[in-house]
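Each remark here refers to the structure printed beneath this line.
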Amino acid sequence: MSSRKDFIKQSSILLGGAVLASTPFYSFAATKSTKISILHTNDWHSRIEPFDKNDRNNAGMGGAEYRAALIKKIRQEEEHILLLDAGDIFQGTPYFNFYGGELEYKLMTEMGYDCVTLGNHDFDNGINGLVKQMPLAGFDFVNCNYSFDDTELEGKIQPYKIYHKGPIRIGILGVGIELNGLVPEKLYGNILYNNPIENANKTAAYLKEKKKCDLVICLSHLGNKYSGDKVSDETLAKQSKNIDLILGGHTHTFLSEPIIYKNVDNKNVIVNQVGWAGLKLGKLDFIFNAVNNQLTLQKHQAIHIDLFA
Amino acid sequence: MKKLIPILLLFAFTQCHTPKPYGKAELGGIRINKDSLKISDEKTHVLIQIYKVKLDSLMGEVLCFNEQDLSKQLPEGSLGNMLCDELMLYVKDKVEKKIDFCLYNHGGIRIGSLSKGNITVGKIYELAPFDNYLEVVELDGKSCKKLFDLIAQNGGAPCSKELRMKIQNNQASDIFINQQAFDENRNYLILTNDYVAAGGDKTEPMKNAINRYKINVFVRDAMIQHLRDKGKRKEALKAMVDGRMEIIK
């Protein structure tokens, strides 16, 4: 495959510190370092099958089967993996209309997803339609800015979850977009929307300070950025504290590389998003140095699933 | 650092600053294909097949032939024109009152293009996947004008051929409905979906509706039925951009 394009960027980004120059991975071999790969998708919108051959833009691209194979391959190569999704798993092909998200959750469970947050379209069959499929999901749901009190979702969605990968402790929280005006009221029922920035900061502080997480990830369905003052991953990143990485969705933004913002403490926050429809799998490799407890983004890729390439 | 420069340049050319929800996926990162994977996921394949076989039998039905490639665009796109014009034809003999025009939300069209060729039931599901009902909204002229101005600010919206307007300085002008100059002092009957009828997707003036008449059919099912009938009559689907909504610089 001589035409294969390999745009792996080698510069590394130190979390909570300066952006470092290019450093190859092997230089870490001597220190007590651990690598963790964060794999992520967003807005895959029930795209079970690859786009059909007549599709003008994405013919032959995507497809859950090939994503599963790709993830399986990565699992053979990497020791520590977290597989995450930033919402809008549901809606977009007849698979959702007919099976209500059943196959989407089964496939994600098979692929070994660890944690997801909710997008607006995940409510398209109502709270009831979501709750009905949740027993099929072998992964966690996080959101810290919706109140689920007095709804069927009460107790089924946690503000955060903590994962351990080797010596690394990772805290994951989720934030969701304002549902009013976006989702018919009868579908989201009594779910209350609360300020995502306040709640994300509160949850992140707890994860970083009380729970001593080395890496705090926010799964966000707020959208990458807007021209107005609407809250987005950009505004969240800039006003955040204790969040290292924001994996976003909603705006279907194809970022060719992650965006680095400075938070209120002038520390780096990485924001990424990989478009939609399961066309790409994001892969962010972090190196954890146990000597100084520093995490560094070593390499990032957006792996494009293209059967005709 | 020298080695990095060409890579960064490539990023500069491929980077997309404005989100393109339905645009072509960019070439950043690496591509992976069936051959380079060298691994298959049999379990996933089998799982999908179980669902796919049943679904294909329902979704594979050919409704009619589409004569040209259609695309979703603003201020006006052939795909949006097609949808709104065909919905007008669908309701024509189904409602007693004369509908003035059809208006749809750009975001409600969920595919970027519809290729020339046979249109299947599955394609219509992708075009309009939501369970949105068709609805007719009776709106006073002043609210209509507010709605048109809002559409102008947002760069246009899909509409049927009965409505023609120009967008100038983010305002609607030269508005004609059924070849008659738009009259702020009368009411209009607008065909749309229930999401827009409720003022969703930047259509707040719809909340001033005088009357709302729900048509008990999903947009998707209406289109399927309508295109199936068209196919039975051996008619092909025709649509194009005709300047019904135009931005004047």
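The values are calculated or read from the model by the stated rules, or taken from the named source; none is laboratory data. This is a predicted model, so every value here is computed, not measured. Here the Cβ positions follow ideal geometry from the backbone for every residue, glycine too, while neighbour counts run over all protein chains shown. We work out accessible area using only protein heavy atoms, side chains counted, and drop any ligands, DNA or RNA first. Shrake-Rupley method; radii C 1.70, N 1.55, O 1.52, S 1.80 Å.
As a test of the formula, what do you get for chain A when each DSSP H run with n ≥ 4 contributes -39,500 (n - 2.57) and the sum is divided by the residue count, at 222 nm and rounded to the nearest 500 deg cm²/dmol? Counting only the DSSP helices, I get -5000 deg cm²/dmol. With a threshold of 27 Å on the Cα-Cα distance, the over-threshold entries among B:LYS54/B:LYS161; A:LYS132/B:LYS214; A:LYS212/A:LYS267 are B:LYS54/B:LYS161; A:LYS132/B:LYS214.
The distance between label points at B:GLU42 and B:LEU74 comes to 5.0 nm (points 7 Å beyond Cα on the Cα→Cβ vector). On full extension, the segment bounded by A:ASP229 and A:LYS210 gains 3.6 nm, given 0.36 nm per residue less the C-alpha separation.
To the nearest 0.05, how large is the calculated FRET efficiency for A:ASN292 and A:LYS156 if R₀ is 35 Å and r is the Cβ-Cβ distance?
Efficiency at R0 = 35 Å is approximately 0.35.
Per-residue extension of 0.36 nm, minus the Cα-Cα distance of A:ASN54 and A:PHE98, leaves a gain of 13.5 nm for this segment. The B:GLU96 and A:LEU136 beta-carbon pair, evaluated with R₀ = 51 Å, returns a calculated FRET efficiency of approximately 0.65. In this calculation the C-beta distance from B:LEU89 to A:ASN266 is compared with R0 = 56 Å, giving a FRET efficiency of 0.40.
Extending 7 Å from Cα along the Cβ direction at B:LYS232 and again at B:ILE210 yields two label points whose distance is 3.7 nm. For the chain pair B and A, the buried solvent-accessible surface (1.4 Å probe, both sides summed) amounts to about 5900 Å². Under the convention that each Lys and Arg Cβ holds +1 and each Asp and Glu Cβ holds -1, the size of the dipole of chain A around its Cα centre is about 1100 debye.
Given Cα pairs under 8 Å that are at least 6 residues apart, what percent is the relative contact order of chain A? Please report the intermediate quantities before stating the final value.
Working: 754 pairs, mean separation 73.4, N = 309.
Worked out over chain A, it gives 24 percent.
Only one residue of B:VAL196, A:SER37, A:ASN125 has its Cα farthest out toward the positive end of the dipole of the protein assembly as shown, where Lys and Arg carry +1 and Asp and Glu -1 on Cβ, and that residue is A:SER37.
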